[in-house]
Amino acid sequence: MAKTPRKLKKARARHAKSCEGKQAHKSRKEAEEVAAKLRSERGRRNLQAYPCQECGKWHLGNKRR
């Protein structure tokens, strides 16, 4: 079996680190619905959805000022 190319190993490690502990949402709509619910229920005013460059899904994070 061929060894995994070094670039692929680095990409996998970067993905694991950047997405670790974050909920992944399949679509922008789904992520924005969850964000709206959290803003309403918990007062998380700065929460917004953003596309992840590593996994291609959507995560939630605080707005940058």
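The values are calculated or read from the model by the stated rules, or taken from the named source; none is laboratory data. Since we're looking at a predicted model, the values are computed, not measured. Note that each Cβ is placed from the backbone with ideal geometry, even for glycine, and that neighbours are counted across all protein chains shown. We work out accessible area using only protein heavy atoms, side chains counted, and drop any ligands, DNA or RNA first. Shrake-Rupley method; radii C 1.70, N 1.55, O 1.52, S 1.80 Å.
Where does the charge balance sit around Ala31 when Lys and Arg score +1, Asp and Glu -1, over other residues with C-beta under 12 Å from its C-beta?
Local charge sum for Ala31: +3.
Gain in length, Lys63 to Leu38, computed as 0.36 nm per residue apart minus the alpha-carbon separation, to one decimal in nm?
Gain on stretching Lys63 to Leu38: 7.6 nm.
Report His25's accessible area, 1.4 Å probe, all protein chains in place, as a number in Å² to the nearest 10.
Its accessible surface works out to 10 Å², give or take rounding.
Heavy-atom accessible area of Glu30 with all protein chains present, probe 1.4 Å, nearest 10 Å²?
Taking all protein chains as shown, Glu30 has close to 70 Å².
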